[in-house]
């Protein structure tokens, strides 16, 4: 991050060749794992009849929301490491600058909403097992569309804030032209970011803790009704526990990946507001927190294939069909 604050230049901790090599390797590895893993999640659910349930549809929704970031942002980040210029000019470059700024950020909002929907679905399946699903398959389509609509609406200001500009020596850059300059003096980036964190990070996290706490207590205190249904009830409880473990692991991974990045944004925003010069160590932490946030696009497929036997079996069948048999 080459940034000038209060008249003093802060050089990036990624200027060394070793650092650039390490970051490039990390970006490329995350790009491949995220692209392949999340694509497999969608294909496995589509190909496996038994996985076509609301909870898996919402997991697929998270997987699809994780694809735009590696597809758009990682190539831009890699380009920025070695070339100090936006590669695409003209109207196409302007459109790409705005789209990358928008699509690269919607994943966290879609994922947060999907996590809540998964928790609500599991809550209904465990707490009210004899009732119909709280979220039916038909309602899934509406909720999935709603998650993307809300995410695009929340980050739509970035379409106005980010622009492709030309600096000296003809270098092109996709940069923020200033929050107040683009949206008016009454707007505040700090308040905007604070609202996003409260509504889409803090509130969902508290709600998820409450719902999963109730689910865990219910599973532990659940009694098997009648001798004839013992086996069926035990199998159902086992399936619920397996899905619950996977869902909780996804939630924990999401929180651990995004909390450091949220902290660094809070620090930078309020430091800028108070005109304090950020120390050099902060920029190193900034890059580390950013790399940790990238893991959120990688770990979900790993969690699904680790905790779910159905996903593993679906992946095995998919790979077996894709490999031609030699006679």
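Of 128, 155, 123, how do they rank once you tally other Cβ atoms within 10 Å and put the fewest first? Let's see the in-between values first.
Details: 128 12, 155 20, 123 17.
If I rank by nearby Cβ atoms, fewest first, I get 128, 123, 155.
If we count other beta carbons within 10 Å of each Cβ, what is the order of 107, 91, fewest first?
Lowest count first: 91, 107.
Do me a favour and compute the ellipsoid semi-axes for region 133-208 from its Cα gyration tensor, root of five times each eigenvalue, largest one first, whole Å. Don't jump to the answer; show the numbers that get you there.
On the way: eigenvalues 237, 59, 21 Å².
Ellipsoid semi-axes (Å, largest first): 34, 17, 10.
Multiply the residue separation of residue 77 and residue 187 by 0.36 nm, subtract the distance between their alpha-carbon atoms, and state the gained length in nm to one decimal. Could you put the intermediate results ahead of the total?
Values: separation 110, 0.36 × 110 = 39.60 nm, distance 2.80 nm.
So the chain would gain 36.8 nm between residue 77 and residue 187.
Rounded to the nearest 0.05, what FRET efficiency do residue 99 and residue 218 give with R0 = 45 Å and r taken as the Cβ-Cβ distance? Could you check? Can you show the working numbers first?
Details: r = 44 Å, r/R0 = 0.98.
For residue 99 and residue 218, the calculated efficiency is 0.55.
Given a Förster distance of 30 Å, report the FRET efficiency between residue 153 and residue 239 from their Cβ-Cβ distance, rounded to the nearest 0.05. Show your work: numbers first, answer last.
Details: r = 36 Å, r/R0 = 1.20.
E(calc), rounded to 0.05, equals 0.25.
For region 117-190, what relative contact order do you get, as a whole percent, if you take Cα pairs closer than 8 Å and at least 6 residues apart?
Details: 42 pairs, mean separation 12.2, N = 74.
It comes to 16 percent, rounded to a whole number.
What FRET efficiency comes out for the pair residue 46/residue 256, r = Cβ-Cβ distance, R0 = 30 Å, nearest 0.05? Let's see the in-between values first.
Numbers: r = 29 Å, r/R0 = 0.97.
With R0 = 30 Å, the Cβ-Cβ based efficiency is 0.55.
For a quick check: sort 316, 245, 220 by the number of other beta carbons within 10 angstrom, fewest at the front. Mind dumping the intermediate values first?
Numbers: 316 11, 245 14, 220 7.
Least to most surrounded, the residues fall as 220, 316, 245.
Given labels modelled 7 Å from the Cα in the Cβ direction, how far is it in nm from residue 197 to residue 134?
2.8
All of the numbers you see were taken from the coordinates with simple rules; none came from a lab. All values derive from a computational prediction rather than experimental measurement. Don't worry about glycine lacking a Cβ; one is built from the backbone with ideal geometry, like all the others, and counts go over all protein chains shown.
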